[in-house]
Amino acid sequence: MESGIDAQLGVSGYLPTGTDIALELSTNESWSHLYSDELYETRLGLSVTQAILQGAGLGANLATLRQARLETEATRFELRGFAEALVAQVEETYWDYALTKRQVEIFMESLKLAQQQKSETLEMIKIGYLAESELAAAEAEIALRREGLINVRSSLEKTRLRLLRLINPPGSNLWQRHIVLLHQPVVPEVKLDDVEDHVEVAALMRPDLNQARLKVSQGGLEIVRTKDGLLPKMDVFISMGKTGYADSFGRSYSDLDDRSYDVEAGLILEYPLVNRQARSRYDASLLRHSQQKEALENLEQLVAVDVRVAYIEVNRAKEQIAATEATRAFQEEKARIEAEKFRVGKSTSLLVAQAQRDLLSSRIAEIEARINYLKALIELFRLEGSLLQRRGIEGPGSQPVSSEGQ
């Protein structure tokens, strides 16, 4: 009856070329219960297995790693898209706050003017120049101004809270912070390029487009990986070693220098008769890749439409500024004339109040036109993916995906 003890130590590695390499040192101690002799066998071996069909080459073996790298790059563009949306939201909220702040000032000036008109009406009633019925229109106009002032003050406070939440300045007492506007809603000197140039910039820089292109690239790698699974498995291997024999481990290890070699080589072939699972994975990867390319083409059209619509809106908002400025100037003149006519008894408090109301609306429309133009520019730059660069903000995803990456 024989017994034995085995010990084994080895290192192995897999190369992306489809090559398995293993280096192994093993020792076997055996003895017999009938005899007192012990035998030690020590072997140092090297084996190399190379895939010929399935698992061969860099394409299939590195596909998963390359997909992971593309996924990491996609998160950079996702972060950039979020950052651009956040910057746009902060700027738009800033201009909303500037708008409501200016509206408060306009309503206060208008209320003061309505109160002045009431005082003039009272004086003219006292001297018998006007009937007391004229006072009702002046008082109604004051009530309207106060109502509007209450509303815009509420809007101003709500906008202030939203802006504080977005900028989130350090320190305590966040909600009690007072906001001082460093930039007033002045129309910037911006000369837009041709709309086709903006569309071209969007085609390169839009984060969601770059993400979609990376998805297409990932789908192409998935096709390579699953197509490899359709191939039969064929490996060629070679195993070489030296073995030492002695009555102790040390001597058996020293005996490795002797001329005792063993070499084994061969070919392993595995070919499943039915490979439905691999075929279904491959077919699914083809369908997903086709869907990803169709989605990319659709997104490219949507981006082009977004940029063109935003470009039209910028031009409309800019033209609207001049129109509202002209309207406000005419309404100022109309209100002045109506007030003069009232003082000479050729108008009524109701007509004066109406003229002042029209002037109030035109002044608000004028400031709204400026704000809308500034916000339209922000939206255009966001939709073309250039907002961060135009604001001098560095961030990931600034380099577009090259055409070779698709």
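Data overview
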| quantity | calculated |
| --- | --- |
| Accessible area of region 75-158 belonging to carbon and sulfur atoms, whole % at 1.4 Å probe | 57 percent |
| Label assignment, Rg and Dmax of the Cα atoms in Å derived from the structure, set (1) 40.8, 144; (2) 24.5, 96; (3) 26.2, 87 | (1) |
| Exposure ranking of Arg145, Arg391, Arg69 by accessible area [1.4 Å probe, largest first] | Arg69, Arg391, Arg145 |
| Carbon and sulfur %, accessible surface of region 170-239 computed with the full protein complex present, 1.4 Å | 60 percent |
| Residue-span extension gain [Ala136 to Ile21] - 0.36 nm each, minus C-alpha spacing | 31.4 nm |
| Protein-only accessible surface order, largest first, of Arg206, Arg146, Arg363, Arg276 at 1.4 Å | Arg276, Arg146, Arg363, Arg206 |
| Where Asp197, Asp358 fall by accessible area, highest first, once all protein chains stay in place (1.4 Å) | Asp197, Asp358 |
| Simple spin-label estimate for Ser402 and Leu350 in nanometres, 7 Å along Cα-Cβ | 7.7 nm |
| Coil-residue GluC sites (Glu not before Pro) of region 179-210, DSSP, other Cβ within 10 Å capped at 14 | Glu189 |
| Probe 1.4 Å, protein heavy atoms only - accessible area per residue of the chain in square angstrom | 60 Å² |
| Three semi-axes of the equivalent ellipsoid, region 115-201, Cα gyration tensor, whole Å, largest first | 46, 25, 11 |
| Tilt relative to the chain, helix 195-205 - C-alpha long axis, 0 to 90 degrees, to 10 | 40 degrees |
| Full-stretch length increase - Lys112, Ser290 - with 0.36 nm per residue and alpha-carbon distance subtracted | 57.4 nm |
| Among Phe342, Ala329, Ser361 the positive-end extreme of the charge dipole of region 321-372 (Cβ point charges) | Phe342 |
| Unsatisfied cross-links (Cα-Cα over 22 Å) in the set Lys126/Lys346; Lys112/Lys318; Lys126/Lys334; Lys191/Lys375; Lys215/Lys375; Lys112/Lys375 | Lys112/Lys318; Lys126/Lys334; Lys215/Lys375; Lys112/Lys375 |
| For region 159-251, Kirkwood radius (reciprocal of mean inverse C-alpha pair distance, Å) | 22.6 Å |
| Share of carbon and sulfur in the accessible heavy-atom surface of region 322-406 [1.4 Å probe, %] | 51 percent |
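The values are calculated or read from the model by the stated rules, or taken from the named source; none is laboratory data. Nothing here was measured: the structure is a model prediction, and the numbers come from that model. No Cβ is skipped: glycine too gets one built from the backbone with ideal geometry, and neighbour counts run over all protein chains shown. Accessible surface areas use protein heavy atoms only, side chains included; no ligands, DNA or RNA. Shrake-Rupley method; radii C 1.70, N 1.55, O 1.52, S 1.80 Å.
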